[in-house]
Amino acid sequence: MKTIGESMKRARESRSLTQKELAELSGVYRSAISEYECGTRFPGALILWSIADALCMDIDVLVGRRCT
């Protein structure tokens, strides 16, 4: 199972965004994006929504939740 950081990085890279660009789109510090992707820090719910919106993806996909 992928971590949130791995999902975030994959989605960011698939959209050809840098960490700085994602940070600007989501209103989060670039250093926080890096820490989330490395797994040294975990984003709260509001930050997850901001990042998911910036990546144009469903938050369930970002967190690895699969609805059946």
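Structure data summary
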{"read-out": "Exposed-loop-free span, longest in the chain, where trypsin sites (Lys or Arg not before Pro) count as exposed if DSSP calls them loop and at most 12 other C-beta atoms lie within 10 Å", "value": "3-64"}
{"read-out": "Under 15 Å, Cβ to Cβ, from Glu21 - net charge with Lys/Arg +1 and Asp/Glu -1", "value": "+1"}
{"read-out": "Ranking by accessible area, most exposed first, for Tyr29, Tyr36 with a 1.4 Å probe", "value": "Tyr29, Tyr36"}
{"read-out": "Surface per residue (accessible, 1.4 Å probe) for the chain, Å²", "value": "66"}
{"read-out": "Debye log10 I(q)/I(0) for region 6-68, one point scatterer per Cα, at q = 0.24 Å⁻¹", "value": "-1.01"}
{"read-out": "Accessible surface of the chain [probe 1.4 Å, protein heavy atoms]: carbon and sulfur percent", "value": "53"}
{"read-out": "Cβ-placed point charges (K, R +1; D, E -1), dipole of region 9-68 about Cα centre in debye, nearest 20", "value": "160"}
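The values are calculated or read from the model by the stated rules, or taken from the named source; none is laboratory data. No experiment lies behind these values; they were computed from the predicted model shown. Cβ atoms come from the backbone with ideal geometry, glycine included; neighbour counts cover every protein chain shown. The protein model used for the area step is the full one, side chains on, heavy atoms only, and it has no ligands, DNA or RNA in it. Shrake-Rupley method; radii C 1.70, N 1.55, O 1.52, S 1.80 Å.
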